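Asker: Handing you a structure now.
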Amino acid sequence: MFTLRNVLQSALRLSNYSTVSKNLISSHKDKFLLPNVSKFFSVSSSKLAFRNVQDPLIKTNTSLLSSVSQLLHPLSVTNPSLQQTRSVTKWSLNKGKRKTVKAVVARFYRLGWGAWIRPMVGRNKRHWSKTAKRKIRAEKHVFCNSTQSTLLDKMVTKYWRKRRFYIDDMYESYHQREEYPSSAVKPH
């Protein structure tokens, strides 16, 4: 038979207030005072008493599962759509093929000998505060180092690693390295 004392004990035990329930019920073993119960469960004090209690994901009485769920609670993952990622899709859902990171293609340009170039950072910002010489210098491009070039090669597919041929290509003179004999096309 369910008595008020048993119901309160189980409710407090499930809500991790076992110390409160022991103190509350051990004070009067056979005589349970109803004014204390009404005071404990009044509207204002119930919010204070149960403000840290959350609905458990798995409703069990095992101490191991409850301790594990309490440990994992601070590690909750935020909404993945709000987190910025620039990782490579190695296996697409449609065809199971590797995908190109579109930000690399939009921001960088690959030369014929494997180096990647990019425009200067902040070239379009604060033009009012830059001198004319600095504005001209900001229009120039910067080479990526070998580590960055290797990383960018991994982030694009074979299609973008091949040399692109364009009509009136402004980078035509940069596609070949003539300064080193091993990479030179024209004889020295």
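Asker: Can you say whether W113 is touching a residue at least 40 places away in the same chain (Cβ under 8 Å) and either part of a helix (DSSP H, G or I) or not small (G, A, S) (or both), as far as the supplied structure shows?
Answerer: yes
Asker: Can you pull out the residues in region 164-188 that are charged (D, E, K, R) and either surrounded by 10 or more Cβ atoms within 10 Å (Cβ to Cβ) or assigned by TED's automatic domain parsing to the domain that holds Y109 (or both)?
Answerer: R164, D168, D169, E172, R177, E178
The values are calculated or read from the model by the stated rules, or taken from the named source; none is laboratory data. These numbers come from a predicted model, not from an experiment. Cβ atoms come from the backbone with ideal geometry, glycine included; neighbour counts cover every protein chain shown.
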